[in-house]
Structure formats: C-alpha cells, structure tokens
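Only one structure is covered here, and it is reproduced in the block below.
The values are calculated or read from the model by the stated rules, or taken from the named source; none is laboratory data. Not measured: the values here are computed from a predicted model. Glycine also receives a Cβ, built like all others from the backbone with ideal geometry; neighbour counts cover every protein chain displayed.
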Amino acid sequence: MRPRIMWPLVVAAYRGLPAFQRERVREMGFGSILEIEPFCVDPPLIQVIRVRWDRLSRTFLFPWGHMVPSLEDVARITGLRVHGEAVTGVTYADYTDLTQQLLGLEPFGQDDHERRMVGRVALLQSLGLAGVRQKADELLPTFVERAAGLARATYGRDAEDTMRADRDLRRFLVFFFGKMLFTTKGDGIHYRFLELLDDLMRVGRYAWGAALLVHTFADLSIGTGRETTVGGFAPFLQVWSYYYLPLGRATEVDPTVVPLARRWLPLVSTATYAFQLDVLRRHVRDFPALLVVWEPYADYGDADQPWVVSGESLFRQDIWVHCLNEIEPLCLRLAARTLGLHQRWIDEAEPKGIDRKTRGKAKRVDWRTRFPEQFSDSHRGGQVVTSDAMDSTAYLQRYQEEYGLRNFMRPERLAATTAQLAEARAALETLRAAQGATVQAEMGGASSSRGPAVAAEVSSLQEQLAAAVARAERAERDLTTRSEELESALARETLTVAELTEQGSQPAPTGLPRDVAELRALPALERRDLERQQSQWERERERLTQQAVEARAGQLAVERLLKASEERYRRGRERAMEQGRASAYSESVLASSSQYERNLLILNPEEHQIQVEGNLPAFDLNAENIAGIDHVHGWAHGGKGVSQEVLVMRNMNKDKLGEQLGVG
C-alpha cells in the first residue's frame, strides 16, 4: 500500500508556503488536516466497507444494523469545521473570467461553452511542483521536504504584495480542494469552489467538514462497488472504521494527538490484494456484534479541539448537508445507537429528484434557490434525533427480514452450506437425467444379440446409477435440513446478541461504565457459544462436503461406465459384422471399480496369464483369486483361432476362470 501521490504533494505545497500564508490557511480551518502526516491508504479495507453502502437509506448495511459516518466523526478525525455557513452558492459552465482574474490561469472543458476545469500539470507548474516524483530509494518524509523546497522557491515572499499573495493562496486552495479534500476521478481539477474563494476573508466561515461528508456520500452512491478508494479525503473512511470496527488493520502510535487521524499507522501487508480482500470480507461478515463500538468518543474530551466545540450542537441532528451541486441527507435516525439510544425501525425512501436536479450543463445555477427546502433545513440546524424504543430487538428482527438475504450480509458458514446445496442439486439433476437416458436406451435398443453377459453388465450399470442417485438425494435432503437449521440458528443468535446488548445497557451494579461492563461480562459467554456452534458447523460442513464429493464421483463414474459400455458394444458389433460372426473379437475392456479407467485385456491360455495394457498389473491364473476388478465381459482367443466369451467377476476363483478359458 502507498499513499495517494497527490496527498504528499498537497502537504509539500502547504509547507512551502511562507509563514504568513500558512497562518492564513490555519485561520481558515485547514491547518489541522494539513498537519496529518501522509500514510498508506488501505484499498482492501475501503472496498470492503464501501460495497456495503446502501443508496436508498444513505447508510452502510452491516450484519448488526445500519451505520453511517457523522459530523462528529468528520470533526474529530479530520479537524475540519462542521458548523458554519453551508458550502453552497452559484456554479457556472464557463469559469474563464473568474480563472483569469483570480488565478491567472486558463480553464478547459469539453467545448467552448463548458470550461469548468484546470489541468493538473498547469496548476502544478504554477506551484513549482510540475514533474516532481518520489525516487525509488527516497523515503516519503524526504520527498515531501524536497518538494516543499521547490514550492517555496515559487511562492511570493512579500506579505505587502497582496495581489500575488492572494493569487498564490487561491492556487494552493484549488489544488488542496481538488487533490486532497474533494478528490474525484480523472486528472483535471474542478473550478466549482472558485467563486467561494473570491473573498478569502469568508473562506473560514464555511462548514468544510460537512461538505467533505456530502462529497463522500455522493461518491459512495454513484460507485460500482469495485472501487479501491473513495471520493473526498480517502483516509477518512479508513480511520472511521478503526474506531467502530476494530479489525486490527492499524496501530495507534500516539493516543494523545489531535485530530484523531494523526494517531494511527496502518499495517502494511505483503499478502496479495485478492487474499486480503477475501479475508476482510469474511471478517466483517462474521464480526461479533458485541465487539462493535457504537460510541467510540464517549470518554473523549474536546480539549484543544475548537472544531469539536463549535460543532457539538449538530452532532445529534438529522440534517441536509451541502457541497454546492452535491446535496445529501445525514440520516442519524437510522444509526441511533451511535447516539446512545435504542434503535427503532424506520421505513426509508430514496430522496427523489436530487441526482436529476444536480446534473446538467446549465450556464449558471444557484443551488440555494434550486433546493430551498434543503437549504432552509441546513440553515435551521436540522432536527434532533430521538427514540422512544425500549430496546432494539424489534428493529433487529425487521432488519434481518429486510436485508438478511443479501449475499454480503450472510455469514460465511451459511453461504458455504448454500453453495454445497446448489452443487448437490445440480449433481442430482444430472444423475436423474443420465438414469432416464439409460432406461430409454435400454427400452428402445434392446437386442437379443447382446447375450446374457451384456444384459448383466447393463443391469450392473443401472444399479450403480440408481445408488448414485440415492446418495445424491440423501445429500440434498441433509444439506437442505442443515441450511434451514443454520438460518434458524443465525436468527436466534441475532436475537440473543440483541438481548445481551440490551441487558448490558442497564447500569452495572459495580458502577462501571456501560461499555466496560458489557465487555467484561458478555464476551466470554458469547465467545464460548460461538466457538461451540462453529465447531459443530465445521464438522457438519465436512460431512456434507464428503457426501457432495461422493455424489459427484458417482456421477463421473456412471458417465464413464456408460460411455465405455456403448463404445465397447459398438466396436464389437462392427467387428462381428465384418468377420461374419456375432461373437468374434479378441480384446475386451476392463472397467476398474476403484479407479474407473479403461484397460485392454488380452488372455493367453498357453501362459496361463491375463495380460492387461493399462494401469493394472498382469493377473496370474495360478493365483487363488482375481482381485481389484468388479467384472469384465469380452471375447478372448483360446488358442488356434478359437474365440470364446469370458466373464470375469471380482475375487473369481481361478478354477472358475479356467473353465471359461479352457485352461483350468
């Protein structure tokens, strides 16, 4: 894993600013996030989390319920301001005049009527960072300092030259917005924030943290689920998971610094991306509900965090948040447990018209008048989230009914059993089809010329096929029963976890905090129960897997036997017709019941041996019994050109075989 290359360059551009310019950036509220040392982004973790995003409810769907990042998460993790004026206003199709006036650059677009972007290379040249690359043997801090020195030589150093100072600062802010705070796909950087940068004194009044959350939601809602990053500040979602889902993907190196993103160092794995992705999917799918941290900041203060103090009035609010043309609802009512409340079920409907109204190529759009209700809600501060539920049991039951059948919601043990059931059913259908074809062939193509040996062989094949079908039917019944048992067990487990959580929510007699009491009293019982169930499921899975393997092996064996029998009979009939007699071919096919492979059998009466061309050794007629075969039907030369019919059975006595060969 490597940090996204633009993040270190943004930090370098910031460190290259003169001291008075860096002070202006800190006054705008961006100093804290720019002081976070670039670290490795975790693509497997981000992909596993973002695939659970539900566009309808605008939340993540986990086995234990809805979860959604909040404004408090943004403030504490990034240090951005979440309270203030909404990041909204006017956007244009052509930014030529504003770009030339404020940045001294030229925009570009798809045509002359749409010029909304600035090229990354052109912007980097204006910052003195064009063509800067990290060397193969260069450490990241060294690279950042080297790039900062190049940027430092480009910026104006005179605070009295306000025109150049403002232009340099706006160029940096456009680069900061486009390649760190509001990242998007593609190489270009959008100019949509440029009008908000006209008056640099007002930049610090906007709720940029809320805008980051909106941009993140909007990117999650348009994704395909295969992306390995997320729009906005990519590490935000990664660090958010560290606090709510302790999966062991990072180490807290300094528990005292703020914002919280500075405390963590992601673990770098040498395993392949596919392996990490598969392991993480299973870990999240089977993560114990009791280990989910619903209130990670319960014991955190707000010392030295003015961005937290200013935003506390919004931390418990359902509110529409804005980022110009991106407008999203923050539905904390669906994750009330993060606020210390019991969760009740709420039917949600996807916001109508938001996506449609935020697209298009209008020359000028004022988003405050296009979405007046949402703007008014944001201006009022939203609505306080409350809950009158006595517990969360009813919610969890309804949640399982609504989302439990989705593939990424089902535990691995149930998914494996379901897959085995599907395989067993497919094998059963194939065997039934083969059985029907055999019966039809026997009824339609029976001929007296085959003789009693051929009839015996066909009868034996039919018996084996019927046995294979019976085994497959038993496997299907067992798997179906086990699948139903697993479904019931999972439902009971969900309710048990809910009941334990509700019991743990009561004040502990020892006076311990609620979360500490839960972790001390409940995990041992939960772990013991889960281990016992898992052991039972593993044993049952092995047994059912073995049955499925036997059914498939039986199917392959029957197919080979049928094919061998048909080919043997066809060749015999053809040779008999050529030689003018119905029983005259000197080679026969040996079918081994243990390996189901064809072998050529040549009988030599003079040497008293059966010579086999294949993987089986020669059988000595002087041995007491002939072992290792079920039966073989064929014709063999008995000397002097005389052919005779031979039927060899398992463990046949040599005298019996000798009678057939005339050499006993």
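For this structure, a couple of remarks:
- Answer residue from segment 544-568, given it is buried (at least 17 other Cβ atoms within 10 Å of the Cβ) and among the basic types (Lys, Arg) and is nearest to Glu473 (Cα to Cα) among those: Arg552
- The single residue among Val268, Val214 that is of a type outside the set (Gly, Ala, Ser), out of contact with any Ser or Thr (no Cβ under 6 Å at 6 or more places or on another chain) and part of a helix (DSSP H, G or I) turns out to be Val214.
- Taking the criterion of being part of a loop (DSSP other than H, G, I, E, B) and surrounded by 15 or more Cβ atoms within 10 Å (Cβ to Cβ), the residues of segment 374-388 that qualify are Gly382, Val385, Ser387.
- Helices (runs of 4 or more DSSP H) within segment 1-105 that include 2 or more residues under 23 Å from Leu265 (Cα atoms) and over 32 Å from the mean Cα position of the chain (by Cα): 6-15, 31-34
- Against the conditions (1) part of a helix (DSSP H, G or I); (2) surrounded by fewer than 21 Cβ atoms within 10 Å (Cβ to Cβ), Asp168 satisfies every one except (2).
- Across segment 252-303, the qualifying residues are those that are touching a helix residue (DSSP H, G or I) at 6+ places or on another chain (Cβ under 9 Å) and polar (S, T, N, Q), and the one among them that is surrounded by the most Cβ atoms within 10 Å (Cβ to Cβ) is Gln276.
- Among the residues of segment 75-104, just one is without any contact (Cβ under 8 Å) to a residue 24 or more places away in the chain and surrounded by 15 or more Cβ atoms within 10 Å (Cβ to Cβ), namely Thr96.
- For segment 228-246, a residue qualifies if it is surrounded by 17 or more Cβ atoms within 10 Å (Cβ to Cβ) and assigned to a loop (DSSP other than H, G, I, E, B), and the qualifying residues are Thr229, Val230, Gly231, Phe233, Ala234, Leu245.
- Residue in segment 85-96 that is over 21 Å from Leu181 (Cα atoms) and either aliphatic (A, V, I, L, M) or not assigned by TED's automatic domain parsing to the domain that holds Ala289 (or both) present: yes
- Any hit, segment 423-434, residues being assigned by TED's automatic domain parsing to the domain that holds Gly554, touching a Ser or Thr at 6+ places or on another chain (Cβ under 6 Å) and modelled with pLDDT under 95: no
- Flag for Phe143 being among the hydrophobic types (A, V, I, L, M, F, W, C), within 19 Å of Pro38 (Cβ to Cβ), in the same structural domain as Gly204 (by TED's automatic domain parsing) and surrounded by fewer than 21 Cβ atoms within 10 Å (Cβ to Cβ): yes
- Taking segment 173-192 as the range and being among the small types (Gly, Ala, Ser) and closer than 14 Å to Gly232 by Cα as the test, the residues that pass are Gly178, Gly186.
- Top-ranked residue in segment 348-373 [being modelled with pLDDT under 75 and surrounded by fewer than 10 Cβ atoms within 10 Å (Cβ to Cβ); ranked as farthest from Tyr403 (Cα to Cα)]: Gly360
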